[in-house]
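What follows is one structure encoded as structure tokens, with my remarks underneath.
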Amino acid sequence: MSLGIAGAKIALVDKNGIVLTGTDGIFKYTDQAATDKSGIFDITVDNSYGVASLALTNLVGSATDIPGNNKIVYKAAGKGSAQTVLTVNALPNEIKMAALGMSSDSKGGYTITGKQNSNVRLAILAESSESFDESKPLYVGMFMGNASEASKTLTSNSATESRTQDVLTIAQLERGDDGFGKYYFSTASKFDEAAMLADVFKTAATGGTTTDGGH
């Protein structure tokens, strides 16, 4: 179905899935906070050495057999607890801390509380391509979820460098009646890239208003 991964975009969103910008958004801990208008961080080779992988799991729940007349006549389908694992080669520290909901002491320190911040939600849109045609992009967008990093191991260099990647595990939430996210295919007859971006990264103009700063 897919071939490689060409990149990803991430943004902090509020409880309604509306992108947060400026000092509330993904750039909150950077010099761009005062001028940021989009709230979207594009993960590129230049700023992050690129995306290594994106894994989607638990997209569907388990099924329970319903018997009748000594036969299995129906499957009761449970809802999956969708999860996304985004692996980036070198996500900028300030962007990563914002995505994880870590609090800054304004002196270069970020507090490890031992608890995921459930009020900080991350939206993601990743690009791949058709398995046998790199010129035909396909995308997966996940509307909102709580990102965490449960462990980190620092290992001594030896004959080779011991380099770690940034791995964000995102426990997905449903955005109202929209579900967890969507697949988008550029080969679809009415594919609209701008509409896709507006769907994943909703703004006050495309999806409502926000007044709660993400809570």
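Tabulated results
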| read-out | value |
| --- | --- |
| Prolate/oblate/rounded label for the range 1-103 (Cα gyration tensor, a/c 1.5) | prolate |
| Cα gyration tensor category, rounded, prolate or oblate, for the range 152-207 with a/c compared to 1.5 | prolate |
| Carbon and sulfur %, accessible surface of the chain computed with the full protein complex present, 1.4 Å | 50 percent |
| Cα point-scatterer Debye curve for the chain, base-10 log of I(q)/I(0) at q = 0.08, 0.12, 0.15 Å⁻¹ | -0.33, -0.69, -1.01 |
| Area of residue 13 that stays accessible when all protein chains are in place (1.4 Å probe, Å², to 10) | 0 Å² |
| Solvent accessible area, Å² - residue 46, 1.4 Å probe, full protein context | 150 Å² |
| Relative contact order %, the chain, counting alpha carbon pairs below 8 Å whose residues are six or more apart | 25 percent |
| The range 118-173: Cα Rg divided by the 2.2 N^0.38 Å rule of thumb | 1.63 |
| The range 89-215: projected area of the alpha-carbon convex hull, averaged over directions, in nm² | 11.8 nm² |
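The values are calculated or read from the model by the stated rules, or taken from the named source; none is laboratory data. Since the structure is predicted, the reported quantities are computational estimates derived from the model, not experimental observations. For the accessible areas, the whole protein counts, side chains as well, though only heavy atoms, and no ligand, DNA or RNA atoms are used. Shrake-Rupley method; radii C 1.70, N 1.55, O 1.52, S 1.80 Å.
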